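Before anything else, here's the structure in question.
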Amino acid sequence: MTKIILGGGLSGLSAAYYLGKRSPKEKVILIEGTNRLGGWIKSERVDKEVIFEQAARTIRPRGAAGINTLNLLGGLDLHSEIKPIVTNNAAAKNRLIYANGKLHLLPTSLFSVFTTQKPFSKPLVYCLLQDFASKPKFMLDDSIYEFTKRRFGPEVADYLIDTIVCGICAGNSREISVNFLMKNMFLDEQKYGSVLKGAIQRLIFGKKEKLPQRGLLATRSRTEKWSVYMLKNGLETLPIALHCALQSMENVDIHLNARCNEISFKSPDIVSVKLNDTKHFVGDHIISSIPAASLAPLVQLQHPKLAGHLFNIKSVTVGVVNLFYKGNFIPQPAFGFLVPPKEKLPILGVIYDSCSQGCSDKTVLTVMMGGYWFKDLFGENPSEETLLKVACDNVKSILHIKDSPLHYKVNVLRDCLPQYVVGHERNLTDIISFIAKNKLPMSLCGASYQGVSVNEVILSAKNAVEKLQDSK
């Protein structure tokens, strides 16, 4: 029996790892269309203390997904690579937004919601209490912006939620689904007529999340009160370690530069994958970890309806500029700042990497730009010089850094972040139902479906493998 995994990003590598470990007698074939593994995760050391991260850099240790990732890291013997950032560290505690020409610290304690903090015009507690007076709107889904505006007022929607959505998925909160990104809050409104009433009900009567058994790292994270953690040599250490583990498994084959042209389902237990060099592989099941929009044309000839649902999941492009300056120019230690879309700036936010990397005499920043608005701001193919200038100009304007960077790196991550728009859950249900109804030997994992974070894409891979094993 042969299992085929499409895509060698973090989710695909994780799926191959879980399959290889669980079924050592089954053949596992991982197909990656490019010349490297790891997907968007890429780390580059430019100095003894400085690492440029192209995409994710920190991971949260909490919840079932967080524990699962820590257990995976433990299984890969990466204990010594962990660099925790505890809850009272400024890089974990302090989050800023740039609004009305100034940087503002978001509330960091229960006490702070009772005081007026700019850019808000009143204490946030009044916005929370507004939820009790707001009438519910019963519906199947809503945009996260309209939902928040309805429950908590326009300032929370404009300065908090609109900004957070930019940080999570570089998206437009007026299109993103509340029923997916803030599902519990949405269901509380639908069931109890109020978010806070529902939260109280869940606090008193709700079932606790079922957590996996904690390994050594997960136990440490709770004992030592980690907020997030990094890997000492960059997050790319994880996909590299997964690759090394797969190379040691006799039942796993990895094929790079193997671009897939078509997937054909011959029967409920036979699937054929045709590559662009006329090669093809045949297996009894395929796990696709590639973006939904990339999978769609591969199944379109045989299953156009399924392709239509997959094409519904759009993605946005993000420009990422890493900057390294000599000297400490960070005015207030923090994780970084985000920019509300209403500010009409070309950047989404800036991450203070030097704060989390522990650089006392250096300033390391990651400037993110574009997202939902990338094409309108920069066109189809902006030059590296254009994006670098935008990054440096905004850093100079906001952080008052007049120096030129010692090192920089410009990347354009095309279609890197899926957008869970209003109706995403229904569309996802239609995809899963179609696969089940037509008995297609295919599972899905990766960022297009159940979450874009490192924890979520790894857990989606594990769930796909476990469901496949349970169906035997």
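Per residue, how big is the convex hull around the C-alpha atoms of the range 177-240? Give it to me in cubic angstrom, could you? Don't skip to the end; give the middle numbers.
Details: hull volume 10.3 nm³, N = 64.
About 160 Å³ per residue, rounded to a whole number.
Let me know the volume per residue of the alpha-carbon convex hull for the chain, in Å³. Spell out each step's value before the answer.
Details: hull volume 73.5 nm³, N = 472.
Enclosed volume per residue, from the Cα hull, is 156 Å³.
Pull up all non-local amide H partners of Glu236: gap of 5 or more, or a different chain, and H-to-H distance under 5 Å with H placed in the peptide plane.
Amide H neighbours of Glu236, under 5 Å, 5+ apart: Ser43.
Kindly state, as a whole number, the per residue volume in cubic angstrom of the convex hull around the alpha carbon atoms of the range 350-461.
Numbers: hull volume 17.7 nm³, N = 112.
Hull volume over Cα atoms, normalised by residue count, gives 158 Å³.
So what is the accessible area of the range 97-140 per residue, in Å², with the probe set to 1.4 Å?
Working: 2860 Å² over 44 residues.
Ligands and nucleic acids excluded, the figure is 65 Å² per residue.
Determine Rg/Rh for the range 312-416; Rg is computed over alpha-carbon atoms and Rh is the Kirkwood hydrodynamic estimate from the same atoms.
On the way: Rg = 13.7 Å, Rh = 14.1 Å.
Rg divided by Rh gives 0.97.
Among residues other than Pro84 whose Cβ falls under 12 Å from its Cβ, what is the net charge (Lys/Arg +1, Asp/Glu -1)?
Values: positive: Arg60, Lys83, Arg220, Arg222, Lys225, Lys232; negative: Glu81, Glu224.
Spelling it out: positives minus negatives among the neighbours equals +4.
Further question: Any idea what the dipole of the chain comes to, in debye rounded to 20, about its Cα centre with Lys/Arg Cβ at +1 and Asp/Glu Cβ at -1? Write down the numbers at each step before the final one.
On the way: 58 positive and 42 negative charges, 229 e Å.
In debye, rounded to 20, the chain gives about 1100.
Keeping every protein chain in place, order Asp277, Asp162, Asp47 by accessible area at 1.4 Å, biggest value first, i.e. largest first.
Numbers: Asp277 75, Asp162 0, Asp47 50 Å².
My answer, sorted largest first, is Asp277, Asp47, Asp162.
Mind checking the angle between helix 384-399 and the chain's longest principal axis? C-alpha axes, 0 to 90 degrees, to the nearest 10.
So the helix axis and the longest Cα principal axis differ by about 30 degrees.
Something else about it: Output the direction-averaged projected area (hull surface divided by four) of the convex hull of the alpha-carbon atoms of the range 29-79, in nm². It would help to have the intermediate numbers written out before the result.
Values: hull surface 22.0 nm².
Computing the convex hull of the Cα atoms and averaging its projections yields 5.5 nm².
How do His424, His243 stack up against each other in accessible area, from largest to smallest, with a 1.4 angstrom probe? Could the numbers behind the result be given before it?
Details: His424 5, His243 55 Å².
Final ranking, largest accessible area leading: His243, His424.
What list of ³J(HN,Hα) values in whole Hz, one per residue of the range 346-352 in order, does the Karplus curve 6.51 cos²θ - 1.76 cosθ + 1.60 (θ = phi - 60°) give from phi, with Gly and Pro shown as x?
My calculation for the range 346-352 gives x, 10, 8, x, 9, 9, 8 Hz in order.
Let me ask another. So, R0 is 45 Å and r is the distance between the beta-carbons of Lys467 and His104; what FRET efficiency does that work out to, to 0.05?
So, using R0 = 45 Å, E works out to roughly 0.50.
Run the numbers for Lys344 and Lys83: contour at 0.36 nm per residue of separation, minus the present Cα-Cα distance, in nm. Intermediate values should be presented prior to the final figure.
Values: separation 261, 0.36 × 261 = 93.96 nm, distance 3.57 nm.
In short, 90.4 nm is gained.
Show me the GluC sites (Glu not before Pro) within the range 312-410 that DSSP assigns to loop and that have at most 14 other Cβ atoms within 10 Å of their Cβ.
On the way: sites: Glu343, Glu380, Glu384, Glu385; in loops: Glu380.
Listed in order of number, the matching sites are Glu380.
Kirkwood Rh over alpha-carbon pairs of the range 161-275, then Stokes-Einstein at 4 °C and 1.567 mPa s: what D in µm² s⁻¹, rounded to an integer?
The estimated diffusion coefficient comes to 64 µm²/s.
Hey, what do the phi angles of the range 32-38 turn into as Karplus ³J(HN,Hα) couplings, whole Hz, using 6.51/-1.76/1.60 and θ = phi - 60°, x for Gly and Pro?
10, x, 9, 9, 9, 9, x
Same structure again: Give the ranking of Thr148, Thr278 by solvent-accessible surface, highest area first, calculated with a 1.4 Å probe.
Details: Thr148 0, Thr278 125 Å².
Descending accessible area places them as Thr278, Thr148.
Also, quick follow-up: Loop-only trypsin sites (Lys or Arg not before Pro) in the range 237-340, please: DSSP not H, G, I, E or B, and at most 15 other Cβ atoms within 10 Å. Don't jump to the answer; show the numbers that get you there.
Numbers: sites: Arg259, Lys266, Lys274, Lys279, Lys305, Lys314, Lys326; in loops: Arg259, Lys279, Lys314.
Those that pass, being in a loop and sparsely packed, are Arg259, Lys279.
Take the Cα coordinates of the range 391-442, assign each an equal point scatterer, and use the Debye formula without solvent to give log10 I(q)/I(0) at q = 0.32 Å⁻¹.
-1.12
Calculate one ³J(HN,Hα) per residue across the range 181-189 by plugging θ = phi - 60° into the Karplus curve 6.51 cos²θ - 1.76 cosθ + 1.60, and present them in order as whole Hz with x for glycine and proline.
With the stated coefficients, the range 181-189 comes to 7, 10, 4, 4, 5, 5, 5, 4, 5 Hz.
Counting other Cβ atoms within 10 Å, which trypsin sites (Lys or Arg not before Pro) in the range 57-157 have at most 14 and lie in a DSSP loop? Walk me through the numbers before you get to the answer.
Working: sites: Arg57, Arg62, Lys93, Arg95, Lys102, Lys137, Lys149, Arg150, Arg151; in loops: Arg57, Arg62, Arg95, Lys137.
Answer by residue number: Lys137.
Based on the alpha carbon coordinates of the range 1-110, what radius of gyration and maximum Cα-Cα distance (Dmax) apply, in Å?
Rg, Dmax (Cα atoms, Å): 18.8, 61.
Where q = 0.13 Å⁻¹, what log10 of I(q)/I(0) comes from the Debye formula for the range 287-359, counting one point per Cα?
For the range 287-359 at q = 0.13 Å⁻¹, log10 I(q)/I(0) is -0.65.
According to the Kirkwood expression over distinct Cα-Cα pairs, how big is the hydrodynamic radius of the range 97-215, in Å? Intermediate results must be reported in sequence, preceding the final value.
Details: mean 1/r = 0.0644 Å⁻¹.
Evaluated over the range 97-215, this radius sits at 15.5 Å.
Roughly how many nanometres apart are two label points built 7 Å out from the Cα toward the Cβ at Lys439 and Asp269?
Between Lys439 and Asp269, the simple spin-label model gives 1.1 nm.
Tell me, what is a quarter of the convex hull surface for the C-alpha atoms of the range 129-182, in nm² with one decimal?
That works out to 3.5 nm².
Still on this structure: If you take the square roots of the eigenvalues of the alpha-carbon gyration tensor of the range 213-324 and sort them as a ≥ b ≥ c, do you get rounded (a/c under 1.5), prolate (a/b over b/c) or oblate? Show your work: numbers first, answer last.
Details: a/c = 2.07, a/b = 1.66, b/c = 1.25.
Prolate.
Tell me which residues come under 5 Å, amide H to amide H, from His285 once H is placed; ignore anything under 5 positions away on its chain.
Correct list: Thr2, Ile4, Val271.
So what is the relative contact order for the chain, in percent, with contacts set as C-alpha pairs under 8 Å and at least six apart?
On the way: 934 pairs, mean separation 116.4, N = 472.
With pairs under 8 Å counted, the relative contact order is 25 percent.
State, to one decimal in nm, how far the label point of Asp415 lies from the label point of Ile432, with both points 7 Å from Cα in the Cβ direction.
So the two model labels end up 2.4 nm from each other.
At 4 °C and 1.567 mPa s, what whole-number value in µm²/s does Stokes-Einstein give for the translational diffusion of the range 94-143, with Rh from the Kirkwood sum over Cα pairs?
Working: Rh = 12.9 Å.
So the translational diffusion coefficient is about 100 µm²/s.
The range 208-267: D in µm²/s via Stokes-Einstein (Kirkwood Rh, Cα pairs, 4 °C, 1.567 mPa s)? Don't jump to the answer; show the numbers that get you there.
Working: Rh = 16.0 Å.
Stokes-Einstein gives a translational diffusion coefficient of 81 µm²/s.
Between Leu140 and His255, take the C-beta separation as r, use R0 = 60 Å, and let me know the FRET efficiency to the nearest 0.05. List each step's numbers first, then the result.
On the way: r = 42 Å, r/R0 = 0.70.
Efficiency, from the Cβ-Cβ distance: 0.90.
The values are calculated or read from the model by the stated rules, or taken from the named source; none is laboratory data. Fair warning: this is a prediction, and the values are worked out from it, not measured in the lab. Note that each Cβ is placed from the backbone with ideal geometry, even for glycine, and that neighbours are counted across all protein chains shown. Keep in mind that these areas ignore ligands, DNA and RNA; they rest on the heavy atoms of the full protein, side chains included. Shrake-Rupley method; radii C 1.70, N 1.55, O 1.52, S 1.80 Å.
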